[in-house]
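Here's the structure, in structure tokens; my notes come after.
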Amino acid sequence: MIDFMTIGIILGLSAGLAPGPLLTLVISETLRHGIRAGVRVAVSPIFTDLPIIILTLAVLSQLSNFHKILGIITLIGGGVILFMGCVSMNPESPESEFSETEPKSLVKGILANALNPQPYLFWFSVGGPIMSRAMNQNVAAPFAFIGSF
């Protein structure tokens, strides 16, 4: 079980520190709305990763050819990320940055992570087989892997 915890820690650190749309959104929201908004985006994987894990494990156990589903998720996610990029490149006047409207950083983070193809690719190709191997070894091993991840 220690080996699955170690794998989870190493893969979790590499996934969390890798540049991507979510890290870019964390930086962007922090610069625009402050550290609280950046933290809200940073914790969004807590809400999205478990459903992604469950979905990918269910798909892996039921389907042998999942390329169309992954392609649809990739297209939708790419469109959302493109839209967020275009919005963040549109310069606004300094007065609008201090408006009273809520930045909705958590919702942006959840959307960016849920529609990002990277978590699906990871869980389909790496995480799913590790979870399968962990379930075969011990009942607690999958929880050790996910908890340390």
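The values are calculated or read from the model by the stated rules, or taken from the named source; none is laboratory data. Quick caveat, the model's predicted, so the values are computed rather than measured. Every residue, glycine as well, gets a Cβ built from its backbone with ideal geometry; the counts of neighbours run over all protein chains shown. Heads up: the accessible areas ignore ligands, DNA and RNA and are worked out on the full protein's heavy atoms, side chains in. Shrake-Rupley method; radii C 1.70, N 1.55, O 1.52, S 1.80 Å.
Descriptive notes on the structure:
- Test: THR30 is exposed (fewer than 15 other Cβ atoms within 10 Å of the Cβ) and more than 14 Å from the chain's Cα centre (by Cα): no
- The stretch 99-125, residues that are among the aliphatic types (A, V, I, L, M) and either touching a helix residue (DSSP H, G or I) at 6+ places or on another chain (Cβ under 7 Å) or at pLDDT below 65 (or both): LEU106, ILE110, LEU111, ALA112, ALA114, LEU115
- Verdict on GLY79 being within 24 Å of LEU121 (Cα to Cα), modelled with pLDDT under 85 and not β-branched (Val, Ile, Thr): yes
- Pair list, Cβ < 7 Å and 6+ apart or interchain, from the stretch 25-41 residues that are on the phi < 0 side of the Ramachandran plot to residues that are in a helix (DSSP H, G or I) and among the hydroxyl-bearing types (Ser, Thr, Tyr): SER28/SER88; GLU29/SER105; HIS33/SER105; ALA37/THR30; ALA37/SER105; GLY38/THR30; ARG40/SER105; VAL41/SER105
- Boolean, ALA140 is touching a Leu at 6+ places or on another chain (Cβ under 7 Å), modelled with pLDDT of 75 or more and either surrounded by 11 or more Cβ atoms within 10 Å (Cβ to Cβ) or among the β-branched types (Val, Ile, Thr) (or both): no
- Of the criteria (1) farther than 30 Å from ARG133 by Cβ; (2) at pLDDT 70 or above; (3) open to solvent by less than 70 Å² (accessible area, probe 1.4 Å), which one SER96 fails: (2)
- Scanning the stretch 6-17 for residues that are assigned to a helix (DSSP H, G or I), among the hydroxyl-bearing types (Ser, Thr, Tyr), more than 11 Å from the chain's Cα centre (by Cα) and modelled with pLDDT of 90 or more turns up at least one hit.
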